[in-house]
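Structure record follows, encoded as structure tokens.
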Amino acid sequence: RYVSSERLSDLLTSEELYFTHVLAFSDGLEGSLTNRTRDRLFNWFKTQIKVDEASAQELVRRYEGAQEDFYVSCWHMNDFESYLMLKAYAERGFALRTTYKRVQAAFDRFNGIVTAGIVEYVDFARDSTPVGNAFHLVTTKDLPYRDEREFRLVLWALDSKNAQLQRAGNGIRVPIAIGLLLDRVYVNPLNQSIPEDLLTLLKSHQIVI
């Protein structure tokens, strides 16, 4: 995961992982159905549920509106840090390294529910995607983003086990064992030095730099 020094400091201090509301991302297609999927779902409602066009459109809108209840934490899948990702998301910041096993262990004491998935990149103008599970809405992105090779941690706010979590602005904070989550932090080569307070925080969690 690629973060600024301020976001890394906040993570280490609060010991909470920030999940961003899906609709807060700059991608205008985030959480949406592809054109063909929307048409297919519209026709299904008309023929199988036997409703008129206006009702079918409303049902499609409600289905797509399920995106509003999802929050995600985005990670980049790679065996090494990416200068392209550093430049795009953490200029003069840091790359945080973890593994799937570490992620699982870091949430062991969390009473809520966090799921995960590899993002699928599709052509929103031409491709059709699965329906029936709103999870697909938040793990599908437009093709131009495929170089991000994204792995997402997904939190569904409507799950009864997540009811205790408080929404704050465009996100939700989830308590996590930082020392278990991160096994190394890579410094952007553009950085000349690491702030002393940040070094102290990293050492306190026994995280390798």
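Report TRP156's accessible area, 1.4 Å probe, all protein chains in place, as a number in Å² to the nearest 10.
Roughly 110 Å² of TRP156 is accessible to a 1.4 Å probe.
Would you indicate which of (1) 1.15; (2) 1.22; (3) 1.26 is the value of Cα Rg over 2.2 N^0.38 Å derived from the coordinates of this structure?
Matching entry in (1) 1.15; (2) 1.22; (3) 1.26: (1).
For LYS87, go through the aspartates and glutamates and keep the ones whose alpha-carbon is under 13 Å away, minus same-chain ones fewer than eight residues off.
In chain and number order, the partners are GLU148.
Starting from the Cα coordinates of the stretch 26-134, work out the convex hull volume and express it per residue in Å³.
So the per-residue Cα hull volume is 153 Å³.
Let's test the formula: R0 of 25 Å, r as the Cβ-Cβ distance of ARG149 and TRP44. What FRET efficiency results, to the nearest 0.05?
The computed FRET efficiency comes out at 0.20.
Tabulate in residue order the Karplus-calculated ³J(HN,Hα) for the stretch 195-209, using 6.51 cos²θ - 1.76 cosθ + 1.60 with θ = phi - 60°, rounded to whole Hz; enter x for Gly and Pro.
With the stated coefficients, the stretch 195-209 comes to x, 4, 5, 6, 4, 4, 5, 4, 5, 5, 9, 6, 9, 6, 10 Hz.
Please state the relative contact order of the chain as a whole percent: Cα pairs under 8 Å, 6+ residues apart?
Averaging sequence separation for qualifying contacts and normalising by length gives 35 percent for the chain.
At q = 0.13, 0.14, 0.16, 0.22 Å⁻¹, what is the log10 ratio I(q)/I(0) for the stretch 128-194, with the Debye formula run over Cα points and no solvent?
Results for the stretch 128-194 at q = 0.13, 0.14, 0.16, 0.22 Å⁻¹ read -0.68, -0.77, -0.95, -1.16.
Can you check what the net charge comes to around VAL119, using other residues whose Cβ is under 15 Å from the Cβ of VAL119 (Lys, Arg +1; Asp, Glu -1)?
The answer is -4.
Give the angle, between 0 and 90 degrees and rounded to the nearest 10, that separates the Cα long axis of helix 35-48 from the longest principal axis of the Cα atoms of the chain.
Helix 35-48 sits at roughly 40 degrees to that axis.
Suppose a student asked you for the relative contact order of the stretch 14-85, using Cα pairs under 8 Å spaced at least 6 residues apart; what percent would you report?
45
Let's see if you can work this out: charge +1 on each Lys and Arg Cβ, -1 on each Asp and Glu Cβ, no other charges. What is the dipole magnitude of the chain about its Cα centre, in debye to the nearest 20?
That gives the chain a dipole magnitude of about 360 debye.
Report, please, the projected area of the stretch 99-157 averaged over directions, based on the convex hull of its C-alpha atoms, in nm².
It is 5.1 nm².
Full extension from LEU29 to VAL131: what is 0.36 nm times the residue separation minus their Cα-Cα distance, to one decimal in nm?
35.1 nm
Aspartates and glutamates within cross-link reach of LYS203: Cα-Cα under 20 Å, excluding same-chain residues under 8 positions apart?
Within reach: GLU6, ASP10, GLU15, GLU16, ASP183.
The values are calculated or read from the model by the stated rules, or taken from the named source; none is laboratory data. Quantities reported herein were computed from a predicted structural model and do not represent experimental measurements. Methodologically, a virtual Cβ is constructed for each residue, glycine included, from the backbone with ideal geometry; neighbour enumeration extends over all protein chains shown. We work out accessible area using only protein heavy atoms, side chains counted, and drop any ligands, DNA or RNA first. Shrake-Rupley method; radii C 1.70, N 1.55, O 1.52, S 1.80 Å.
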